[in-house]
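J.: Can you read through this structure? Questions will come right after.
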Amino acid sequence: MTTFTFAQLSDIHINHLQGDHHDVLGAQSAGWLTEVVTQLSRQTHLDLVLISGDLVDNALPSEFSQFGQIINRLTRPCHIIPGNHDRRDLNSVTGLSRYEFAQHFNPQIADRPNDGQAQAGYWSLAVHPQIQVIGLDSIRDADWSGVIDAPQMAWLEEELTHHNDKFVIVMVHHPLHKLAPIDSQAGWTNFVCNNGAEVLALLDRHPQVKLVLTGHHHCTKADLVGARLHLASPAIAIYPCAYRTIRLTHQPDNCWQVSWQTHPAATKAMVEHSRQMMFAAWEQARFDSGMIAEHADIAWGNDFDRDGEIVFN
């Protein structure tokens with residue numbers, strides 16, 4: 001029987017210069033990440049850590065340096081994909097470009113296009129003889145929405161065809177389907193990958209993809225989409241300030257059991273403070289109190305979202 005355990009962290013938003021703003025507790029996130037890294041390093045059964053983007057808030061070298069100093073203390077392998085905050089704005093010369101981010105964090109950067117406009121942060125790694133993790137690059141320079149461009153889609157098809165005999169995990173910053181009512185609101189559709197339906201159709205053709213991990217939305221969600229489990233990770237620096245551990249168990253009857261748990265990254269008092277910050281920021285954005293409360297519940301997640309288990313035959 002094979003057992004493989006890993007952690008997913010997302011939306012850390014280290015912000016060395018500006019501190020807390022809107023609903024982001026950037027001034028707290030470095031300390032919280034330090035504590036999470038300490039906790040994970042003590043777990044002798046943990047095999048891997050995956051980070052699904054938004055390591056920092058403004059893509060500044062000082063922020064990435066602070067992130068690196070903390071994450072380098074981790075005693076487990078760690079693999080990272082970019083989020084929309086991990087590259088400088090299109091018309092800015094301050095901060096890392098998308099390609100510079102990939103140079104730092106993509107172990108397969110030599111195989112990616114050296115073009116400032118191309119996506120270059122995607123990779124595919126065998127983390128176990130029976131398990132393949134594919135990290136995608138969904139970020140755009142123009143805004144905070146997401147897309148998987150045509151060259152990356154073709155590469156993904158080839159990777160999935162090549163690894164059709166494994167349990168495949170796909171990690172992407174932007175969710176591929178709607179998670180909350182806000183995703184249909186004008187101006188807020190950027191929470192979902194623009195061509196998510198196309199990516200889902202591709203994954204449908206490859207049933208070995210059993211698990212999709214996402215960030216960006218700051219929601220604690222577990223959804224069955226077709227024959228796959230989609231786990232949207234909560235944020236470290238935004239309510240509900242949490243992360244996940246996930247265990248894969250390959251049973252003797254060739255079934256895969258997937259179980260997950262959600263863990264706080266902050267004290268109860270600070271989680272409540274982050275909730276109050278979220279309410280204040282959303283009220284300023286002119287959402288009514290009922291919708292804000294509904295979204296807070298979605299961000300926190302129900303019992304299945306937070307701690308669940310399923311078996312794939």
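Coordinate-derived values only; no laboratory data. None of these values were measured; they are calculated from a predicted model. Every residue, glycine as well, gets a Cβ built from its backbone with ideal geometry; the counts of neighbours run over all protein chains shown.
J.: In terms of Cα to Cα distance under 16 Å, which lysines are near enough to LYS178, apart from those fewer than 8 places away along the same chain?
T.: By straight Cα distance, LYS178 reaches LYS221.
J.: Run the numbers for GLN43 and ALA293: contour at 0.36 nm per residue of separation, minus the present Cα-Cα distance, in nm. It would help to have the intermediate numbers written out before the result.
T.: Numbers: separation 250, 0.36 × 250 = 90.00 nm, distance 3.49 nm.
Taking GLN43 through ALA293 to full extension adds about 86.5 nm, to one decimal.
J.: Report the charge-dipole magnitude of the chain in Debye, nearest 20, computed about the Cα centre from +1 at each Lys and Arg Cβ and -1 at each Asp and Glu Cβ. Before the final figure, lay out each step's value.
T.: Numbers: 20 positive and 35 negative charges, 127 e Å.
So the magnitude is around 600 debye.
J.: Sticking with this one: Starting from the amide H of LYS210, placed 1.01 Å from N in the peptide plane, find each other amide H under 5 Å away whose residue is 5 or more places distant or on another chain.
T.: Sorted by chain and number, the residues that satisfy this are VAL168.
J.: Another question about this same structure. Mind checking the full-extension length gain between ALA285 and THR94? Use 0.36 nm per residue of separation minus the Cα-Cα distance, one decimal, nm. Each step should come with its number before you reach the end.
T.: On the way: separation 191, 0.36 × 191 = 68.76 nm, distance 2.75 nm.
Additional length available on full extension: 66.0 nm.
J.: With point charges of +1 on the Cβ of Lys and Arg and -1 on the Cβ of Asp and Glu, referenced to the Cα centre of the chain, which listed residue (LEU160, VAL133, ILE182) lies farthest in the positive direction of the dipole?
T.: My answer, from the dipole projection, is VAL133.
J.: Another question, if that's okay. Quote the Stokes-Einstein diffusion coefficient, in whole µm² s⁻¹, for the range 74-141, based on the Kirkwood radius over alpha carbon pairs, a temperature of 10 °C and a viscosity of 1.306 mPa s. Working shown, then result.
T.: Details: Rh = 12.8 Å.
In µm²/s, the coefficient is 124.
J.: Quick one: which residues, 5 or more positions from GLY83 or on another chain, have an amide H under 5 Å from its amide H? H modelled 1.01 Å from N in the peptide plane, none for Pro or chain starts.
T.: Answer set, sorted by chain and number: ASP54, LEU55.
J.: Roughly speaking, what is the centre-to-centre gap between the range 54-116 and the range 260-313 when only Cα atoms are used, to the nearest Å?
T.: 27
J.: Can you list residues whose amide H is under 5 Å from VAL225's amide H, if they're 5+ apart or on another chain and H is modeled 1.01 Å from N?
T.: Amide H to amide H, under 5 Å and 5 or more residues apart or across chains, VAL225 pairs with HIS230.
J.: Could you work out the Kirkwood radius for the chain, taking every pair of different alpha carbons, averaging 1/r and inverting it, reported in Å? Write out the running numbers ahead of the final one.
T.: On the way: mean 1/r = 0.0514 Å⁻¹.
Across the chain, the inverse of the average 1/r is 19.5 Å.
J.: Next question, about the same structure. Quick one: Debye curve from the alpha-carbon atoms of the range 175-313 only, equal weights, vacuum; give me log10 I(q)/I(0) at q = 0.11, 0.21 Å⁻¹ to two decimals.
T.: Normalising to I(0) and taking log10 leaves -0.45, -1.30.
J.: Let me ask something additional. So which trypsin sites (Lys or Arg not before Pro) in the range 41-147 end up in coil per DSSP with only 15 or fewer other C-beta atoms within 10 Å? Could the numbers behind the result be given before it?
T.: Details: sites: ARG42, ARG73, ARG87, ARG88, ARG98, ARG140; in loops: ARG42, ARG73, ARG87, ARG88, ARG140.
Filter output for the range 41-147: ARG42, ARG73.
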